[in-house]
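**Student:** Can you read through this structure? Questions will come right after.
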Number of protein chains: 2
Amino acid sequence: EQWRSQIWLSLLSALSLRLVLPGGAEEGLEFPNFDGKDRVLDISERNYKKALKRYDLLCLFYHEPMPANKGLQKRFQMTELVLESLCSQVLENKDIAFGMVDSQKDAKVAKKLGLEEVGSLYVFKDDRVIEFDGELSADTLVEFLLDVLEDPVEIINNAMELRAFERMEEDIRLIGYFKGEDSYYKAFQEASERFQPYIKFFATFDKTVAKHLSLKMNGVNFYEPFMEEPAVLPGRPLSEMDIVEFVTQHRRATLRKLRAENMFETWEDDMDGIHIVAFAEEEDPDGYEFLEILKDVARDNTNNPELSIVWIDPDDFPLLTTYWEKTFKLDLFRPQIGVVNVTDADSVWLDMSDDEDLPTAEELEDWIEDVLSGRVNTEDDDEFADDHENDHFVPEDEEEGDQDPDEEDDE
Amino acid sequence: EQWRSQIWLSLLSALSLRLVLPGGAEEGLEFPNFDGKDRVLDISERNYKKALKRYDLLCLFYHEPMPANKGLQKRFQMTELVLESLCSQVLENKDIAFGMVDSQKDAKVAKKLGLEEVGSLYVFKDDRVIEFDGELSADTLVEFLLDVLEDPVEIINNAMELRAFERMEEDIRLIGYFKGEDSYYKAFQEASERFQPYIKFFATFDKTVAKHLSLKMNGVNFYEPFMEEPAVLPGRPLSEMDIVEFVTQHRRATLRKLRAENMFETWEDDMDGIHIVAFAEEEDPDGYEFLEILKDVARDNTNNPELSIVWIDPDDFPLLTTYWEKTFKLDLFRPQIGVVNVTDADSVWLDMSDDEDLPTAEELEDWIEDVLSGRVNTEDDDEFADDHENDHFVPEDEEEGDQDPDEEDDE
């Protein structure tokens with residue numbers, strides 16, 4: 001117990017070192033302090049049903065049995081402590097409980113609850129299960145849980161709210177037009193619960209809003225990220241399953257942004273073992289420009305099921321930025337695009353070393369075609385890896401590829 | 001040493017619990033692992049000059065003497081460890097060093113280096129000092145340091161980059177038009193270094209870009225956050241001091257967004273002990289609508305030096321959201337505006353309980369007027385606090401105030 005409290009202090013100081021020191025006299029920005037109570041549930045066959053009933057949200061961490069290795073043991077206990085911290089401090093008053101399910105000891109319960117991926121966190125809300133497969137940091141997890149607490153469908157009432165809806169180009173969004181809450185809206189709402197909070201559902205009961213979106217009564221539009229025009233779901237009215245099937249089929253976007261809340265899920269959804277990865281800081285003029293080119297390419301190729309580009313904004317992942325720079329041998333102060341082999345993190349990157357000359361959409365499309373056809377791949381340069389570690393090496397038999405936009409004069 | 005390693009493991013598992021468990025076979029998203037080397041410098045009169053010369057960035061944590069209290073001691077050591085982690089792991093290869101300066105033991109060095117606020121982190125770059133007064137979390141600090149490493153002036157070369165510039169409405173920005181790098185641009189650049197990375201400086205050498213911004217040769221525009229028109233700095237050409245003085249005088253915006261990177265600095269810059277605080281989630285339709293109303297109010301009142309509204313997007317501070325809800329007795333799933341007394345966190349909030357009816361810009365302005373005149377304040381309701389903790393109490397002598405927009409029919 002003594003040991004635990006010490007670790008606690010340590011952990012919390014990582015969250016909020018400022019508390020240590022007498023700063024100004026101002027109040028209003030206090031980060032949480034641990035109160036010492038142990039609130040994490042040890043879930044078993046005996047208590048899981050009761051726990052499910054008792055809380056609005058029950059978050060279960062499905063974990064490996066306690067490891068024999070001492071270092072891992074400590075880490076393991078920390079997992080519990082982090083969850084505890086979240087539970088007791090930040091989400092106090094929200095009727096959220098946390099529990100641990102041991103994949104060996106509690107195998108039966110896990111099976112009954114449908115827990116599959118060891119290392120994941122499962123959130124139970126009413127009769128649904130939501131898997132969290134994002135960064136297990138306090139920030140990300142709390143934000144995720146607060147999102148889950150919100151209504152799964154957001155109602156758009158007026159022109160200003162419509163503008164807010166139209167600005168969310170990074171998200172997969174659906175919007176439906178219904179008579180009112182007591183209508184085919186119910187099926188839409190049921191469907192929304194299956195995807196909350198990863199896919200955003202909106203509805204309107206307002207004729208003017210519907211007209212602006214060219215929505216017919218009981219119609220539903222699906223917006224792929226970064227696309228200008230929505231897809232209209234076939235058929236009206238739609239059943240819950242119609243909607244669920246359509247979303248499931250279309251959820252891998254041509255251009256998708258990596259987000260902390262589901263970063264591992266996205267990364268695991270690779271295309272034949274590779275990802276086309278684009279790094280671009282949206283806040284940076286260069287990055288913004290490159291991103292606009294990328295969006296053009298995605299719009300031109302939205303019907304190609306072979307293509308899905310993962311866009312990473314380095315600003316969203318400060319702790320990974322230098323790791324990526326080292327692993328991929330890149331300068332991430334500038335935009336980059338390349339192919340990453342997810343089994344060994346081997347990669348090749350498009351040479352964009354001339355600052356003034358980003359590739360055009362056409363050049364980028366040619367390069368992507370070379371990637372999809374296998375002409376550009378992560379293996380060809382491997383035998384030279386030792387000698388040319390920092391070279392952007394182009395094998396001789398691929399000189400016709402557009403790997404180097406600097407050689408072209410397109411102005 | 002043994003104890004330290006344990007804490008380390010703990011700390012790092014907070015950063016990345018996922019490492020504990022055998023996830024998929026995918027690579028490419030590994031969070032850093034501690035290598036055990038002690039890299040934090042113990043700064044003294046003997047070594048500070050050498051350290052300043054040796055590194056591109058030297059980050060000094062100016063701290064109280066080691067406390068007698070054991071719990072605080074541990075926290076204190078954690079501070080060092082967090083910095084160490086940053087230093088050794090994430091910012092490896094970036095030529096950044098971290099050091100500790102004891103406010104008692106190293107008082108002389110602190111004076112020579114100009115360190116003033118105990119508990120702050122000071123970053124030395126070339127011959128400049130930059131104070132970090134934000135959230136001391138790994139994410140925020142690393143992002144801050146990476147920003148400091150970038151060039152303080154960003155060059156805008158074309159129409160697309162100009163669009164990126166124009167989108168940054170949340171930031172204080174300056175942009176100047178110059179002949180080239182060897183011109184009055186030099187003075188502009190020198191000035192930019194004084195404000196990096198808090199205030200963004202841009203320049204263009206391109207006639208078309210300058211024309212679009214109505215910039216004359218050697219002219220500089222200043223953009224207050226959320227304002228549509230820039231202020232033109234008086235005089236051309238401008239010296240470094242002209243620019244520094246103008247920025248210093250105008251940097252407290254009428255509407256300013258709270259950011260993790262300088263949240264404590266912003267909070268300490270109160271107006272006579274109070275802040276007008278608005279909570280609004282930009283990603284939420286309601287929040288977006290309220291924010292647009294708020295921007296209108298700010299634009300109408302941009303010349304009132306008495307008015308500065310702090311906008312907090314709860315999405316940016318998940319760990320503080322429930323603390324604020326509890327302290328201020330608010331529901332932060334919805335937009336809110338109120339007055340907070342920074343000495344005791346006492347507050348009053350505008351009643352906006354009718355979901356469909358956000359206040360109009362006029363109603364909001366009336367309420368703000370009541371705040372500035374003292375008619376709405378945090379003290380009047382205090383004697384009733386025990387009986388009416390959750391009431392939005394309006395004292396009798398203030399019934400003419402527009403505290404309750406629900407009573408009005410403005411449609």
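The values are calculated or read from the model by the stated rules, or taken from the named source; none is laboratory data. These numbers were taken from a predicted model, which means no experiment stands behind them. We place every Cβ from the backbone using ideal geometry, glycine too, and count neighbours over all the protein chains shown. Surface accessibility is based on the protein's heavy atoms, side chains included, excluding ligands, DNA and RNA. Shrake-Rupley method; radii C 1.70, N 1.55, O 1.52, S 1.80 Å.
**Student:** Does A:L238 fit the bill of being within 14 Å of chain B (Cβ to nearest Cβ), of a type outside the set (D, E) and part of a loop (DSSP other than H, G, I, E, B)?
**Tutor:** no
Okay, residues lined up against (1) open to solvent by 40 Å² or more (accessible area, probe 1.4 Å); (2) more than 9 Å from chain B (Cβ to nearest Cβ):
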| residue | (1), (2) |
| --- | --- |
| A:D171 | no, no |
| A:G180 | no, yes |
| A:K186 | yes, yes |
| A:E193 | yes, yes |
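**Student:** Go through the residues of region B:232-248 one by one and say whether even a single one is aromatic (F, W, Y) and under 30 Å from B:A138 (Cβ atoms).
**Tutor:** Within region B:232-248, not a single residue is aromatic (F, W, Y) and under 30 Å from B:A138 (Cβ atoms).
**Student:** I would also like to ask the following. Residue by residue through region A:269-289, note down the ones that are at the interface with another protein chain (Cβ under 10 Å from one of its Cβ atoms) and of a type in the set (G, A, S).
**Tutor:** A:G273, A:G287
**Student:** OK, next. For region B:195-225, name all the residues that are of a type in the set (S, T, N, Q) and either open to solvent by 60 Å² or more (accessible area, probe 1.4 Å) or outside any loop (DSSP other than H, G, I, E, B) (or both).
**Tutor:** B:T204, B:T208, B:S214, B:N221, listed by residue number.
**Student:** Of everything in region B:290-319, what is outside any strand (DSSP E or B), surrounded by 21 or more Cβ atoms within 10 Å (Cβ to Cβ), modelled with pLDDT of 90 or more and facing another protein chain (nearest Cβ under 10 Å)? Give them in sequence order.
**Tutor:** B:F290, B:L291, B:I293, B:P314, B:F317
**Student:** Specify which of the listed residues (A:S239, A:S214) is among the hydroxyl-bearing types (S, T, Y) and free of Cβ contacts under 8 Å to residues at least 40 places away in the same chain.
**Tutor:** So the residue among A:S239, A:S214 that is among the hydroxyl-bearing types (S, T, Y) and free of Cβ contacts under 8 Å to residues at least 40 places away in the same chain is A:S214.
**Student:** Then there's this: Considering each residue of region B:226-244, count those that are under 23 Å from B:M168 (Cα atoms) and surrounded by 14 or more Cβ atoms within 10 Å (Cβ to Cβ), and give that number.
**Tutor:** 8
**Student:** Let me ask something else about it. Taking region A:152-169, which residues are more than 9 Å from chain B (Cβ to nearest Cβ) and of a type in the set (D, E, K, R)?
**Tutor:** Selection gives A:E166, A:E169.
**Student:** Would you be able to tell me the number of residues in region A:327-375 that are in a loop (DSSP other than H, G, I, E, B) and aliphatic (A, V, I, L, M)?
**Tutor:** Summing the residues that are in a loop (DSSP other than H, G, I, E, B) and aliphatic (A, V, I, L, M) in region A:327-375 gives 7.
**Student:** Then there is this: Starting from residues that are among the acidic types (D, E) and closer than 11 Å to A:I274 by Cα, keep the ones in region A:338-367 and report whichever is surrounded by the most Cβ atoms within 10 Å (Cβ to Cβ).
**Tutor:** That would be A:D346.
**Student:** Being within 14 Å of chain A (Cβ to nearest Cβ), of a type outside the set (S, T, N, Q) and not in a strand (DSSP E or B) is the filter here, so list the residues in region B:111-128 that pass it.
**Tutor:** Scanning region B:111-128 gives B:L115, B:E116, B:E117, B:V118, B:G119.
Condition check ((1) under 30 Å from A:P237 (Cα atoms); (2) surrounded by fewer than 21 Cβ atoms within 10 Å (Cβ to Cβ)) across all residues:
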| residue | (1), (2) |
| --- | --- |
| A:D106 | no, no |
| A:K111 | no, yes |
| A:E116 | no, yes |
| A:E131 | yes, yes |
| A:L136 | no, no |
| A:E166 | yes, yes |
| A:I175 | yes, no |
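**Student:** Here are A:P359, A:P405: which of them is within 30 Å of B:I155 (Cα to Cα) and at pLDDT 50 or above?
**Tutor:** A:P359
**Student:** If a residue must be assigned to a helix (DSSP H, G or I) and within 30 Å of A:V153 (Cα to Cα), how many such residues does region B:261-289 contain?
**Tutor:** Here the count works out to 5.
**Student:** Which one is least open to solvent (accessible area, probe 1.4 Å) among residues in region B:248-262 that are of a type outside the set (G, A, S) and over 19 Å from B:Q336 (Cα atoms)?
**Tutor:** Out of the qualifying residues, it is B:N262.
**Student:** Since B:A210 meets every condition but one in (1) under 27 Å from B:K295 (Cα atoms); (2) at pLDDT 95 or above; (3) within 12 Å of another protein chain (Cβ to nearest Cβ), which condition does it not meet?
**Tutor:** Looking at each condition in turn, B:A210 falls short on (3).
**Student:** Go through region A:83-120 and report how many residues are at pLDDT below 90 and not acidic (D, E).
**Tutor:** Of the residues in that region, 18 qualify.
**Student:** Still on this structure: Taking the stated definitions as given, is B:I274 assigned by TED's automatic domain parsing to the domain that holds B:V342, open to solvent by 30 Å² or more (accessible area, probe 1.4 Å) and touching a helix residue (DSSP H, G or I) at 6+ places or on another chain (Cβ under 9 Å)?
**Tutor:** Taking the combined requirement at face value, the residue satisfies it.
**Student:** Could you tell me how many of the residues in region B:42-70 are part of a loop (DSSP other than H, G, I, E, B), more than 27 Å from the chain's Cα centre (by Cα) and either surrounded by fewer than 11 Cβ atoms within 10 Å (Cβ to Cβ) or modelled with pLDDT of 85 or more (or both)?
**Tutor:** 7
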